[in-house]
Amino acid sequence: MSQKIDQIVEELKTLTLLEASELVKKIEETFGVDASAAVGGGMMMAAAPVVEEVEEQTEFDLILDEVPADKKIAILKVVRSLTGLGLKEAKELVESAPKQVQGALSKDAAETGKKQIEAVGGKASLK
């Protein structure tokens, strides 16, 4: 073992039970580990940090971000086809961009809608 590790072990030998307990708590908080798992009859700490599982997003909202004035009619037609809204409602939606066009869509459906909007000159995003 290295001299540094030997020195740490010697320091640990001088700790009181209360100090050792506080040290364990501090190590758990600092490194995100759990020292309560007993291995081979002795207490061992996990060396790897806890990795949080990131859940993959399954539902997306299609957002109309920007509508150039010269592309408004084409974008209005796409929004109507995507939403089934009437002319008045679709016009209000397009004029109030940035605005959510559709919500809780599958990734494929959201990307298809985004491509349709972008194909006629609008800017869209997924959230």
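The values are calculated or read from the model by the stated rules, or taken from the named source; none is laboratory data. The structure displayed is predicted, hence computed values, not measured ones. Quick reminder, even Gly has a Cβ in these numbers, built from the backbone with ideal geometry, and neighbours come from all protein chains shown.
The table that follows gives values for the structure above.
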{"read-out": "Tally of residues being closer than 17 Å to Pro68 by Cβ and among the hydroxyl-bearing types (Ser, Thr, Tyr) across the range 81-97", "value": "1"}
{"read-out": "Subset of the range 82-98 (residues that are under 18 Å from Phe60 (Cβ atoms), assigned to a helix (DSSP H, G or I) and not aliphatic (A, V, I, L, M))", "value": "Thr83"}
{"read-out": "Val101, sole failed condition from (1) in contact with a helix residue (DSSP H, G or I) (Cβ under 8 Å, 6 or more places away or on another chain); (2) part of a helix (DSSP H, G or I)", "value": "(2)"}
{"read-out": "Residue, nearest to Asp65 (Cα to Cα), within the range 104-127, restricted to residues that are part of a helix (DSSP H, G or I) and β-branched (Val, Ile, Thr)", "value": "Ile117"}
{"read-out": "Candidate set: the range 51-69, residues that are exposed (fewer than 10 other Cβ atoms within 10 Å of the Cβ) and not hydroxyl-bearing (Ser, Thr, Tyr); chosen: the one modelled with the lowest pLDDT", "value": "Val51"}
{"read-out": "Qualifying residue in the range 75-93 (condition: in contact (Cβ under 8 Å) with a residue 40 or more places away in the chain and not charged (D, E, K, R))", "value": "yes"}
